[in-house]
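See structure below.
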Amino acid sequence: MFGIDITILAIVGLVALSTAGLAYGILFTRIETEKKAESRVRKVKSAEADRVQVKAARDRMNEMSKRRKSVQDSLKDLEKKQQEKTAKAKPNMKVRLIQAGLKITIPQFYIASVVFGAVASMLALIAGLQLPVIAGIFLIGTAGVPRWFLSFMIKRRSNAFLNEFPNALDVMVRSIKSGLPLNDAIRLIAVDGQEPVRAEFKRVIEAQQVGLNIPEACARMINSIPLPEVNFFAIVIAIQAQAGGNLSEALGNLSKVLRERRKMKAKVQALSMEAKASACIIGALPFIVSFMVYMTSPDYMMILFTDPRGHIIMGVSAVWMSIGIWVMRNMINFDI
């Protein structure tokens, strides 16, 4: 009986296993088809989601690029307008002293210019030069060199301002995002910023203390820092005060544009260094050759200084050299 039961159970098990195998063999194609269909549906949904994400990311990048391009175009337009305005009406000496960051008065500047010209003339007189040459040295030392030095200081201070201005804008953006009002953000730069940005924002705070609002005080910054970036900053502040908007985003975009412009300027300078070195060598070559000829044959070169025809030759050569240097300078300078 026990053996019969085992035989029956074995037969039943084999029948069940055979039935299951037969059913799986029949339904295998349908099961695989359903699996493939589900896999394709999942892939399609995933691809649609990826396309949506890629499209959203592409739209964000396009929007950022449009905003950045708009800021760059606005900066270029403002720079052209500022150059036209500067060409039409040059600032007076008081404004130029403020732009250079020199804490001296106009009479002190003129006195220093005359003293410098007198010292240069005395040195020329001691060297035994003729009176027309001494008069020319006095004129150049009084009216030329001091104003060149003033322009150099203005350019140097403007470059230092541009290097630090994006950092100040980033501080303002973080301050505004953290909940501080614009007035406190400007005051923070005026206290903890780096020169010359700190001095300019301090002037903005002082202008507010005498009754001007923030847009008007920022608009006056262009008088001491003649840069289109400063003008654009004032315009952003004025638009935000009149129409509202996301000031932190606008200042953040301006900071990014300023950094990209600085990188582009550095890249252009690096690429043009070879041309600048060639221009310097070509410009200095006539003077070097003349000096070497004078060292070897002084009598041969002194004819240019003693004979009137030599004076004419040196005058014409100076004019042509000036034209050549001016042309090379314009060829190797690029506006960004």
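Among residues of segment 103-134 being modelled with pLDDT under 85 and part of a helix (DSSP H, G or I), the one that is surrounded by the most Cβ atoms within 10 Å (Cβ to Cβ) is 124.
Would a scan of segment 292-314 turn up a residue that is within 30 Å of residue 181 (Cβ to Cβ) and open to solvent by less than 90 Å² (accessible area, probe 1.4 Å)? No; the residues of segment 292-314 include none that is within 30 Å of residue 181 (Cβ to Cβ) and open to solvent by less than 90 Å² (accessible area, probe 1.4 Å). When restricted to residues that are open to solvent by 90 Å² or more (accessible area, probe 1.4 Å) and closer than 23 Å to residue 130 by Cβ, segment 278-291 contains 2.
If you go through segment 168-205 and keep only what is touching a residue at least 60 places away in the same chain (Cβ under 8 Å) and part of a helix (DSSP H, G or I), you end up with 169, 170, 172, 173, 176, 177, 182, 199. How many residues does segment 185-212 contain that are within 20 Å of residue 250 (Cα to Cα) and surrounded by fewer than 18 Cβ atoms within 10 Å (Cβ to Cβ)? Qualifying residue count, segment 185-212: 1.
Residue 159 fulfils the conditions (1) open to solvent by 40 Å² or more (accessible area, probe 1.4 Å); (2) over 26 Å from residue 263 (Cβ atoms); (3) not basic (Lys, Arg) except for a single criterion, (2). Among residues of segment 159-215 being polar (S, T, N, Q) and more than 23 Å from the chain's Cα centre (by Cα), the one that is nearest to residue 234 (Cα to Cα) is 213.
The values are calculated or read from the model by the stated rules, or taken from the named source; none is laboratory data. Because the structure is a prediction, the values reported are computed rather than measured. Every residue, glycine as well, gets a Cβ built from its backbone with ideal geometry; the counts of neighbours run over all protein chains shown. Quick note on the areas: whole protein, heavy atoms, side chains included, nothing else; ligands and nucleic acids left out. Shrake-Rupley method; radii C 1.70, N 1.55, O 1.52, S 1.80 Å.
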